[in-house]
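Please treat every number below as a calculation from the coordinates, not as lab data. This structure is a prediction, so every number in the text was calculated from the model and none was measured. When we count neighbours, we look across all protein chains shown, and the Cβ atoms used for this are built from the backbone with ideal geometry, even at glycine.
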Amino acid sequence: RAAVLGANDGLVSTASLMIGVTAAKPGENSFLITAGVAAIVAGAMSMAVGEYVSVRSQNDVEESDRQMEIDHLAADPDGELMELAEIYVGRGLTPELAQEVARQMHARDPLEAHLRDELGQTPENKARPLQAACASAASFTLGGLIPFAGAFAPMAGSVGVSIVGFTLFGLLATGIISARSSGASVMKPTVRVMIGGCLGMAITAGIGHFAHLSGI
């Protein structure tokens, strides 16, 4: 999730900024390159910090829930046993089988059973803030380099056209990867990603063009 979002943000935000700068200051390629570098570096750091803080908050919630379950098991183990049995009944087991499964789970590791079956916490889905931050920053940088490369390899027409072309290719790839990783059909997520990116670039280009006409 962090990697896909980071790549998409890197593409859209860097491309939008560079297109906005091109529209506001046409012909000033040196400033465009500086703006692109600044956008990639600042965006990657922002994404990393934001992702770390968000996922770390999830860690805090998980730790709080874990401590709550420890306290409940210490204060009322029989009540927690009944609660676990009710969970299994809700999932389709007969009351008798649910009671037996709950007793065996409590005999083995009651905390693990409650974390997994009551709260949905497992080692596999545990929040990893540092991993998420690194994935987000790295993917943002890779995504941002695609429109940035467009400034150095102009197609027929202006640099802005080249940036848009490179960005559309990147959005297409991001949409396909996102769809494949989630198991969804390719068409709908890819079209959604590309439309969102195009809107971002168009709005920023319009603002940049207005700033240019206004002499800002």
- Principal-axis tilt of helix 187-214 within the chain, Cα atoms, nearest 10 degrees: 40 degrees
- Query: Taking the Cα atoms only, what angle lies between the long axis of helix 159-182 and the longest principal axis of the chain, rounded to 10 degrees?
  - Reply: 20 degrees
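Any idea what % of Cα-Cα pairs in the chain are farther than 26 Å?
On the way: 12353 of 23220 pairs.
Counting pairs separated by more than 26 Å, the tail of P(r) holds 53 percent.
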- Query: If you put +1 on each Lys and Arg Cβ and -1 on each Asp and Glu Cβ, how big is the dipole of segment 96-211 around its Cα centre, in Debye rounded to 20?
  - Reply: 460 debye
- Task: Please give the calculated 222 nm ellipticity per residue for the chain, where each DSSP H segment of at least 4 residues contributes -39500 (n - 2.57) and the sum is spread over every residue; nearest 500 deg cm²/dmol?
- Result: -29000 deg cm²/dmol
- Residue by residue, what Karplus-based ³J(HN,Hα) values in Hz, rounded to whole numbers, does segment 79-95 have, using 6.51, -1.76 and 1.60 with θ = phi - 60° and x for Gly and Pro? x, 5, 4, 5, 4, 5, 4, 5, 4, 5, 4, x, 8, x, 7, 5, x
